[in-house]
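Structure, as structure tokens:
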């Protein structure tokens, strides 16, 4: 049986879309990457994690897809990354539909 960490965030401060994350959050105000967590996952025999957005932006979703491609085994066990990220894709689709509806346009802005 695979042990799963059901809620995991990664971020890169240079991306600039984490409005909630300020220098006042001293412990958190740095980049967090799969490499930062890999030792703890191994120590606790965690075989997979569920990656959750730290910012509600399309750029964040693309960032997470990139991490999933680069670290599929580390972050997502042996399951295909898109299996785990399907909800993110569904969320982005819903956001696009909502923005098109609100703007009265067929373009995502």
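Read-outs: derived from the displayed coordinates by stated rules, not from any lab. From a predicted model like this one, the values you see are computed outputs, not experimental measurements. Quick reminder, even Gly has a Cβ in these numbers, built from the backbone with ideal geometry, and neighbours come from all protein chains shown.
Points to keep in mind about this one:
- Taking only alpha carbon atoms, segment 1-63 gives an Rg to Rh ratio of 1.01, where Rh is the Kirkwood radius.
- FRET efficiency, residue 29 to residue 9 (Cβ-Cβ, R0 22 Å, nearest 0.05): 0.95
- Fully extended contour minus Cα-Cα distance, from residue 22 to residue 38, at 0.36 nm per residue: 3.3 nm
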